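Structure, as structure tokens:
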Amino acid sequence: MSQWKNLLCNLGAWSGSFTRLSPQGEIREDIPSLVTLEGLNENQSVRQTIQHFSAAGEIIHNKVLEYSSLSRSVLVFENGAFSQGSMQCAPFSEFGAEMGFIHGDRRLRLVQLFDKNSDFSSLTLIREHRQHTLPVERPHLSVEMLLGEWQGEAVTLYPTWQIPDQYETRLMITLEGDRLRQHLTTSQMQLTSTAKRSGSTLLFDEGHYPIQVLLLPDGASSNTPIALPKGTPFFLEAGWLIEDTLRQRMIRHYDANGGWQSLTLVTERKVA
């Protein structure tokens, strides 16, 4: 029941746009949108209406969904942030996930998709604000905005409904020439990684498989493998720099067999 209660944080009319991007982060199209989530029967069910508009304001897409429970492929945090997506990575099948953040009257969602060849194929950035509120948008994310020390709190949910894990995090991000260096410390691990910087793209090329981070409009970031690896654990990640010193990251972890393991939300503040 708590998962359903968490979902209700998203009730309302959300005005914004669906921005479709190439795998390299180039904007292909930007479609005005209105997504409405309405509670029915004393919030025992939800009606979701998704509308897309032409440049002239005409409705070009209208989809209505009603549901009274959540799929096992969906997990929702207490603040309403959520993720839904593939539970299993399978050969010759499309694969992907959506990760959604919510902060006050703003939402930011990211949809990451892989094609049947397991290659990263498309990205959709959805920027929304509650209807009749001012659409305050963050600047395009840059490496310089991320530099420094970030201290955070992580919450990990599991599709098996086991008790969530909570732990502290510390992330140091520095720039050394044309390479970015990250050092992540938690109670469970320490991890150092470096990436080559090229414009708004970071390429982590020293691990088991290459990982690409795209720095996007509205303080967003997308972190994915260039191609889904076989026989090794991997993750998908989205980030949102909500304020200069406040950032959230959401991570979907998959095991070596491509099965969905967990969902983590990190809320971190810059302290130096």
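Any read-out appearing in this document is the output of simple, stated calculations on the displayed coordinates, not a laboratory observation. This one's a predicted model, so the numbers in the text were calculated from it and none came from an experiment. When we count neighbours, we look across all protein chains shown, and the Cβ atoms used for this are built from the backbone with ideal geometry, even at glycine.
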**OP:** Taking Gly25 as meeting all but one of (1) surrounded by fewer than 16 Cβ atoms within 10 Å (Cβ to Cβ); (2) in a loop (DSSP other than H, G, I, E, B), write down the number of the exception.
**Re:** (1)
**OP:** Take the residues in the stretch 133-165 that are under 23 Å from Gly104 (Cβ atoms) and without any contact (Cβ under 8 Å) to a residue 40 or more places away in the chain, then tell me which one is nearest to the chain's Cα centre (by Cα).
**Re:** Val136
**OP:** With a cut-off of at least 1 residues that are aromatic (Phe, Trp, Tyr), name the strands (runs of 3 or more DSSP E) lying wholly within the stretch 36-98.
**Re:** 45-53, 59-67, 82-85
Original post:
Among Phe101, Phe82, Phe95, which is the only one that is aromatic (Phe, Trp, Tyr), at negative phi and in contact with a Cys (Cβ under 6 Å, 6 or more places away or on another chain)?
Top reply: Phe95
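What residue, of Ser198, Ser221, Ser262, is under 25 Å from Ser118 (Cβ atoms) and surrounded by fewer than 18 Cβ atoms within 10 Å (Cβ to Cβ)?
Matching residue, one of Ser198, Ser221, Ser262: Ser198.
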Original post:
Of all the strands (runs of 3 or more DSSP E) wholly in the stretch 178-252, which have at least 2 residues that are of a type in the set (Phe, Trp, Tyr), under 17 Å from the mean Cα position of the chain (by Cα) and more than 15 Å from Gly25 (Cα to Cα)?
Top reply: 234-243
